[in-house]
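Contents: one structure, followed by commentary.
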Amino acid sequence: MKTTRFKSLAAAFALGALALAGAPAMAQDASLKVEDAWVRATVPSQHATGVFMRLTSPTAARLVGVESDAARHVEVHEMAMQDNVMKMRQVSAIDLPAGKPVELKPGGYHVMLIDLARQISAGDPVALTLLVQDADGKQRRVPVTAEARPLSAAAAPAGEHKH
């Protein structure tokens, strides 16, 4: 009887551990699909860098902010042509249409980490929390880990990020 109970407890524990291990991914998939999250590595004394990813929301939503301990300031930005000059500006939110992927990429929408806490080297994980607001105004927090890629990764157009 003890052996059967032990096997049942062990099986339940194993299933529970598997469920917990998969919980963040399932919760993330239910509210927001985040793909290919990466951050550009930095050089010593560099104070800012960009974060990029692809976001797909199952329902209409908006990315209204991002948090990270990797930098003192975290802002959502857009690169856009203005008077034939590529300019970067902070935006208050990015619309996430239902079921349509939105690219945060060099030369377009992206996240800026400003006043970095430390140098970010290729391969480093950078923890972020995306703040997503649904159509009813309710916000949810989506944890994301972006891996640092070398400086040469998908270089952005000239004139980017002069903080």
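The values are calculated or read from the model by the stated rules, or taken from the named source; none is laboratory data. What you see is a predicted model; the values in this text were computed from it and never measured. Every residue, glycine among them, receives a Cβ derived from its backbone with ideal geometry; neighbour counts consider all protein chains shown. Surface accessibility is based on the protein's heavy atoms, side chains included, excluding ligands, DNA and RNA. Shrake-Rupley method; radii C 1.70, N 1.55, O 1.52, S 1.80 Å.
Under 5 Å from the amide H of Ala71 lie the amide H atoms of Ala117, each residue being 5 or more positions distant or on a separate chain, with H modelled from the backbone and absent for Pro and chain starts.
The peptide list 122-131, 52-61, put in order of mean Cβ contacts within 10 Å with the highest first, becomes 52-61, 122-131.
Testing the spin-label approximation: label points 7 Å from Cα along Cα→Cβ at Leu131 and Ala98. State their distance in nm. Computed distance between label sites Leu131 and Ala98 equals 2.6 nm. Backbone amide hydrogens, once placed in the peptide plane, bring Ala153 within less than 5 Å of nothing, excluding anything fewer than 5 places away on its chain. In the structure shown, do any of Lys33/Lys87; Lys105/Lys138; Lys33/Lys138 have a Cα-Cα gap over 20 Å, and if so which? Those over the limit are Lys33/Lys87; Lys105/Lys138. Around the amide H of Val66, modelled in the peptide plane, lie the amide H atoms of Leu131, all under 5 Å away and 5 or more residues distant in sequence or on another chain.
Computed with a 1.4 Å probe over protein heavy atoms only, the accessible surface of region 21-145 comes to 52 Å² per residue. The distance separating the Cα centre of region 51-84 from that of region 88-127 comes to 5 Å. Taken along the Cα-to-beta-carbon direction at a fixed 7 Å, the label points for Met86 and Arg140 span 3.4 nm. Could you state how much accessible area Lys33 has, in square angstrom rounded to the nearest 10, with a 1.4 Å probe and all protein chains kept in place? Only protein atoms counted, so the area is about 90 Å².
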